[in-house]
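A short worksheet on the structure shown next.
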Amino acid sequence: MLKQVSAVLALVISSQASALSIDLGPATGYNLFIKENFTQPGADSQGKIAIGGNANIGQYDVGVNYEPGTHRDGIQFWTDPKKYSDVLVVGGDLTTTQWAWGNVKGNLILGGELTAGSSKNAVLGTTTKAKPIDFTSAFEQFTELSKTLAGEANTGGVEFKYNNWLMLNGTADSDIYIANITGQMLGAATDLTAKGLDKNDTLIINVSGKNINFDSLNYGARENYSALDLSASHILYNFFEAENITFSGGIKGNILAPNANFTFLQGDLSGQVIAKSWTAGWGAQANLWDGFFVPPVDIPPTPTTPPVVTVPEPTSIILLLVGLLALVMVRRLRA
């Protein structure tokens, strides 16, 4: 069972900073972290989900990579069959279809009730009545974090070429690159490149606008720009003004939209989403990602142990020389 925790946010970001540190408290480790209501009839999330309000999941599969005995793409979180994790937290009531069976791939922590007509067999693991997360406190701090990030200036040049190509012309400052764009630019963009960034950098894209509609964004090579070599854990889209966001298509990166109603029409979203509410369709897939701002770990090579050479003691050396000398004398006498 999850323990009672409060969101603790720590942000270090300046020209002298050597790292960006964001502690998301109870949101850490969740594919989706939603303040109010959640509605999605089908599809699935590969990671865990936390919802502060009511959840209508229909036949939606929650935490499919936590299900024992399966071999899906990505990290397999389960260890042994029947050892389930807490994969779904719902502060309010939960609704499923009446024929749902095992679509919550682990334990359920439920603050409200299982609504009438819902399947009692929807949860593979156990169901515990509790409210382990203070969503109100968490989202107050997420809002402050979002505003703080939005107040940062561009690290380098931001060009919107051909009205569809976001080009970041610069290098990271202390491994951090800040880019400020509008919601209209994001909605029209098809490509994003940044040849001055490498896998150790963190890209924060502040997106202005209250009502934003965007879709797929390609990080591949274009013209003389190479592909963006960043994992989803090192990309953050900060929708600091957004009240409504509509997304469809494919994108990788984390989304911080603490005051936005997030509508996911269809496609693949690889990253963590923090939003006010969530509404999605059957074709909306929340893919597994590799953590939120977890720096890559360079494993040092295993040191080679030199062979141990045993040095004979002085007495042993003398005895050896005496023996050799005696052998030589015997051979001479025989000759």
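Values computed for the structure shown
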item: Separation between Cα centres of the stretch 98-122 and the stretch 22-57, rounded to whole Å; result: 15
item: Local electrostatic count at GLU243 - Lys and Arg +1, Asp and Glu -1, tallied over other residues with Cβ under 11 Å; result: +1
item: DSSP bridge pairs, the stretch 25-287: antiparallel proportion in percent, nearest 5; result: 10
item: Inter-label distance for GLU144 and LEU265, nm, one decimal - labels placed 7 Å from Cα along Cα-to-Cβ; result: 3.7
item: Within-12-Å neighbourhood charge of TYR177 [Cβ basis; K, R +1; D, E -1]; result: -4
item: Eligible lysines near LYS161 by straight Cα distance, threshold 21 Å, same-chain separation 8 or greater; result: LYS195
item: Set LYS131/LYS276; LYS105/LYS276; LYS48/LYS210 screened for pairs whose C-alpha atoms are more than 21 Å apart; result: LYS105/LYS276; LYS48/LYS210
item: Highest to lowest packing among 180-189, 260-269, 153-162, 57-66, scored as the average C-beta count within 10 Å; result: 57-66, 260-269, 180-189, 153-162
item: Under 11 Å, Cβ to Cβ, from ASP198 - net charge with Lys/Arg +1 and Asp/Glu -1; result: -1
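Here, each number is a calculation from the coordinates, and none is a lab measurement. In this text, all values refer to a predicted model and were calculated from it rather than measured experimentally. Positions of Cβ are backbone-derived with ideal geometry, glycine not excepted, and every protein chain shown enters the neighbour counts.
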